Amino acid sequence: MQRAVHSRFKRDIRIKPERPEPKPSARACARPDCAKEGSHPVPRSRDHLNEHLWFCLEHARAHNESWDYFRGMSEAQIEAFRDEAMIGHRPTWPLGKRTARPHNGFANHQFDDGLGVFSSTSERVPPRPPERHVTGMQERALDVLNLDASATLHQIKARYKELVKRFHPDANGGDRGAEERLKQVIKAYGVLRASGLT
């Protein structure tokens, strides 16, 4: 009685029970006069490279030795294929040519080259310096240095050095007017430095 209970509840609790391996169905060689197994795939044709014929090793080798991908193509077609192979058979067009079409007829791709990165050097417009907004105090300081609002950092520093050398007491033999002018230049440069223009 106890033995019957055990056999009744006996189950296979393995996670992956063993299954018999399916027997591979043997393909016959695609050569009609061959009885061997077709275990080697070869492309069906140049236009159908993803479709295969299955040959035995001997006939697959013979097929590959005699198969010519370029058979039936003219020299111009072969040359075009070689050129396109260099770029992976993808569409191309010259940079900067907005109206140019790619070789294989894809739609025209246009983009805005506002910075002139892809234009030739003769077409490039020189960049404008950024516009500077100056306050009244900064404008007076620039007037003291005899500069306008578009002066660059380099120009401001160069003018300051030039005026300091010109109006320094050692260069003017103690002239009071030059000393007063030097104070104005130093004060104007201090205003520009404090405002971040230098």
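Every number here is computed from the coordinates shown, using simple stated rules; none is lab data. If you're wondering where the values come from, they're calculated on a predicted model, not measured in any experiment. A quick note on method: Cβ atoms are made from the backbone with ideal geometry, for glycine too, and the neighbour counts reach across all protein chains shown.
Some notes on this structure:
- Sequentially through the stretch 47-61, phi angles give Karplus couplings (6.51, -1.76, 1.60; θ = phi - 60°) of 7, 10, 6, 8, 9, 10, 9, 10, 10, 6, 4, 4, 6, 5, 5 Hz, Gly and Pro residues having no value and appearing as x.
- Compared with the alpha-carbon gap, the fully stretched path from K36 to D170 is longer by 37.3 nm at 0.36 nm per residue.
- If the segment from S150 to E162 were pulled out straight at 0.36 nm per residue, it would be longer than the present Cα-Cα gap by 2.4 nm.
- Relative contact order %, the stretch 136-195, counting alpha carbon pairs below 8 Å whose residues are six or more apart: 43 percent
- Dipole check for the stretch 28-67: with +1 at the C-beta of Lys and Arg, -1 at the C-beta of Asp and Glu, and the Cα centre as origin, the magnitude is about 20 Debye.
- Across the stretch 161-168, computed HN-Hα scalar couplings (Karplus, 6.51 cos²θ - 1.76 cosθ + 1.60, θ = phi - 60°) run 4, 4, 6, 5, 5, 5, 9, 5 Hz from first to last residue, x flagging Gly and Pro.
- Computed 3J(HN,Hα) for the stretch 173-179, one whole-Hz value per residue from the Karplus formula 6.51 cos²θ - 1.76 cosθ + 1.60 where θ = phi - 60°, is x, x, 5, 5, x, 5, 5, glycine and proline marked x.
- Built amide H within the under 5 Å cut-off of A28, gap 5+: G38
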